[in-house]
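For reference, the structure discussed in these notes is given below.
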Amino acid sequence: MFRCLVHRILSELRKTGFTFSRSSATTSQCKENLSNKQQIKTFSVLSSKRYRRRNGMATFETLKFDNLALRCLPIDSEEENYVRQVPGACFSRVKPTPVESPVMVAYSTPAMELLDLGEDQLQRSEAVDFFSGNATLKGSETAAHCYCGHQFGHFSGQLGDGAAMYLGEVINKKGERWEIQLKGAGPTPYSRSADGRKVLRSTIREFLCSEAMHFLGIPTTRAGTCVTSESTVVRDIFYSGNPINEKCTLVLRIAPTFLRFGSFEIFKPMDGVTGRKGPSVGRSDILTQMLDYTVKTFYPQIWEVHGADKQTAYLEFFKEIIQRTARLVADWQCVGFCHGVLNTDNMSAVGVTIDYGPYGFMDAYDPGYICNGSDDGGRYAYDQQPEICKWNCLKLAEAIHMAVPLSVTTPALDSFMEVYDKHYLEKMRKKFGLIKRVDDMDKDLVANFLDTMHKTSADFTNTFRCLSDLPLPGCDEHEQKKAEVLQYILSQCSTIAELRKAVSKPRMDPRQFQMFVMILQSNPELLSQLGGAQRSVLQELQRIEKVKELQGVSEDNQRESNEKLWKDWLSVYCDRLRLEGEGEDCEAVNRQRVEVMDSTNPRFILRNYIAQNAITAAEMGDFSEVRRVLWLLENPFSKTSPLGERDVSSGQVSASADDDSVSASVADGEARVGNSASCALGVMDVAYDSKPPDWSRELRVT
């Protein structure tokens, strides 16, 4: 097909009189060739349009916009862009603020194909203008969405799109509806004291993780493009009083909708604790509009069956979002993903992962892992995510209570953990290669595996991944591979030096901790009344106890202990695997389970240090690492064994010349590594599917 297109182009060029010559050109020939080049460009664009139209693809000029949200939901009557409360509206019309000299950092071809846009369009010079906010696509209407939210458990009142802008909704050739949004496009009525901008660090993190999650098979918003510019904003990235100018950068986000739980909280009356209220208190008419729009558009099967009885339709919608959210958080837990800020304004109304800020994929397994450095109480720790998501569903029930009474919605919450547990165990069976169901034995196997990983501080991703190298008992090389897997797992466990370093730094301010200790010594009953601080105090006590435990433990002692723990677990695992092969062709069953495991346990995840490596290169003007990391994340289940050759996984990883001097501080979901004076970065070669380098432990995101 490509050859046919080339022949057609050449044929059309000959009709224009265009000739190819290897001789030097005269001035008149140059002018003629310039004219020919213009004809080529014109023909190329026209030819591209015809070619793509025949194949159902679109151009920037032919995107099919249908901005249903703005037709169905109320829009703010005030069109001037200034910070304010926005009552009685779901959107405010606002335009992106242009940036200077935009340049494409990277784009995701699979994400952009959701809009029927291919690489030929993304390579056009106009692409950076459209996706930097400097130009408007035909049919696009720009607006910012009004929503509220419970942040860290407390109602914050009006929040809204302070840095993001709705561009419209595109209907693709499959009839799918995709809302597109620019994040980092400048101030809106919801920007509060902020500037509405994002910088290279935060944007690269969101761009890469959105696509990483999709290719891991986890429901998520998508990221189409990442565009940076010469425009700058001031950021004090280390909170050191030394602000710097950073480049304004934007990401194109794609989703069925960006409505969230917080979208329905704009009707909340004054909160008794915070004294804040939603901007549209009591507007049940708008709530009904929002629910009708949401159910009709994104849950059409429910509307088709229950549309005549709206309360039932709304209840079925609520039940469905409970189930989607439960399955979503189970997916997160199974890949070691921690969202970091599970506020109600960061929970999607269609059950996808939304708003990537201080997220993190676990390295060494720790059920209490906190990826957000500002989450002092550990509210959004890894092991808290299921309960927090359930709590957020309760807040959604409260938000829609004017349409469906709480007495009707809250009983549905009982299904959350049931759905979560079922989906989690099903996913875990795949991770362990268990095709037959033996519920009690499987639950115990999973629990003991996680406990062993925790005790040995083993790498979550790599430990799971290597299990597919262990054949079923009775298959060839079972004992040899079992020994190899054991040694590999031991290499993924933390050393004593690493453990000591990990627990050496206090998680609480020492003075604050001492104050709490003094209070608790005099009145232990107060512990239960400390709220979020209770978890912090307990964690600090556990950390101090861990420091004591590690004193006097040698590396040899630690390895012996780890080896015994993993030998014991592998023995139990092999017993369970024997059930898989009973009465079956051992080799055939093993091939089947390996295929399932290697398509469930990723080889590549977006660890913080990998994202940081891409960021560091990009900040120096080299975007190739962002694109290469994106390619790896698009192929997370590479078949090459972690015990085998390290092919394309080797990456240039930024590291401090002296790891002890590395410090990290981040704002607004933006990670950076460096020291107080400068970031003296060296380069070392580290495989992106290997145990992370020591310096990565210093990265903090907040």
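The values are calculated or read from the model by the stated rules, or taken from the named source; none is laboratory data. This one's a predicted model, so the numbers in the text were calculated from it and none came from an experiment. In this analysis, Cβ positions are derived from the backbone assuming ideal geometry, glycine residues included, and neighbour counts consider all displayed protein chains. With ligands, DNA and RNA removed, areas are computed over all heavy atoms of the protein, side chains included. Shrake-Rupley method; radii C 1.70, N 1.55, O 1.52, S 1.80 Å.
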| said: Between segment 262-312 and segment 412-442, what is the separation of their alpha carbon centroids in Å? | reply: 32
| query | With every protein chain present, what accessible area does His214 have (1.4 Å probe, heavy atoms only), rounded to the nearest 10 Å²? | reply | 70
| remark: Env charge @ Ile254, Cβ radius under 10 Å, K,R +1 / D,E -1, value +1
| said: Taking amide H atoms as placed 1.01 Å from N in the peptide plane, list the residues 5 or more away in sequence, or in a different chain, whose amide H sits under 5 Å from that of Gly157. | reply: Gly149
| query | Taking amide H positions as placed 1.01 Å from N in the peptide plane, with prolines and chain starts having none, which residues 5 or more places from Thr225, or on another chain, fall under 5 Å of its amide H? | reply | Ser108, Leu252
| request: Sort Thr228, Thr312 by accessible area with a 1.4 Å probe, largest first. | output: Thr312, Thr228
| field | Rotationally averaged projected area of segment 252-376 (alpha carbon convex hull; nm²) | value | 10.0
| Residues of type lysines that Lys505 reaches as a straight line, Cα spacing below 17 Å, ignoring anything fewer than 8 places off in the same chain | Lys546, Lys548
| query | When only the heavy atoms of the protein chains count and the probe is 1.4 Å, how do Tyr107, Tyr365 rank by accessible area, highest first? | reply | Tyr107, Tyr365
| Solvent-accessible area per residue for segment 372-425 (1.4 angstrom probe, square angstrom) | 40
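Residues of segment 152-224: accessible area per residue at 1.4 Å, in Å²?
That works out to 24 Å² per residue.
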| field | Heavy-atom accessible surface of segment 233-298: percent carbon and sulfur, 1.4 Å | value | 52
| query | Which distance in Å, rounded to a whole number, links the C-alpha centroids of segment 584-645 and segment 322-369? | reply | 20
| Going highest first, how would you order 381-391, 203-213 by mean Cβ packing within 10 Å? | 203-213, 381-391
| query | Where the centre of each part is set by its Cα atoms, how far does segment 454-476 sit from segment 119-156, in angstrom? | reply | 43
| remark: For segment 437-474 the trypsin sites (Lys or Arg not before Pro) that pass both the DSSP coil test and the at-most-14 other-Cβ-within-10 Å test are Arg437
| query | How large is ³J(HN,Hα) for each residue in segment 462-476, as worked out from phi by the Karplus curve 6.51 cos²θ - 1.76 cosθ + 1.60 (θ = phi - 60°), to whole Hz, x for Gly and Pro? | reply | 5, 5, 4, 4, 6, 5, 6, 7, 9, x, 4, x, x, 7, 4
